[in-house]
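First up is the structure itself, then whatever we jot down about it.
Please treat every number below as a calculation from the coordinates, not as lab data. Since we're looking at a predicted model, the values are computed, not measured. Heads up, the Cβs are rebuilt from the backbone with ideal geometry, glycines too, and the neighbour counts pull from every protein chain shown.
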Amino acid sequence: MVLEVSDIKDNAPAHGHLGLPLTDTIRLVIRKSTYIEPATIGTIGSKPPAGLKESITPLRDSETVLIAYFDVLRLDEITSICASSRLVLGRPSLHPLIT
């Protein structure tokens, strides 16, 4: 996903799922783990919170607007860069909602 705050754009890759509750009206959380709760909008995030500090800091002001862009891909839409190996795409999911 891409987060845009004021003039700052930041990339925050993470896994999503249709089963995420997305019911928290105050918080949005991108987790490095697979833990899910109502504020979770992404799991297995590849960027630590410190890497998003520049985009997160302006959000302390309640008047700041956050725009989030989501690129959604199904696994069957991804092609391995190594034709002889399907290890990454072929392994069981680490996400508790994805089988």
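The table that follows gives values for the structure above.
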read-out	value
Beta bridges by DSSP in the stretch 2-72, antiparallel share as percent, to the nearest 5	80 percent
Segments 38-51, 55-68, 20-33 sorted - mean Cβ within 10 Å per residue, highest first	38-51, 20-33, 55-68
Lysines whose Cα lies under 18 Å from that of residue 32, excluding same-chain neighbours fewer than 8 positions away	47, 53
Those chymotrypsin sites (Phe, Trp or Tyr not before Pro) in the stretch 9-81 that DSSP places in a loop and that have at most 12 other beta carbons within 10 Å	35, 70
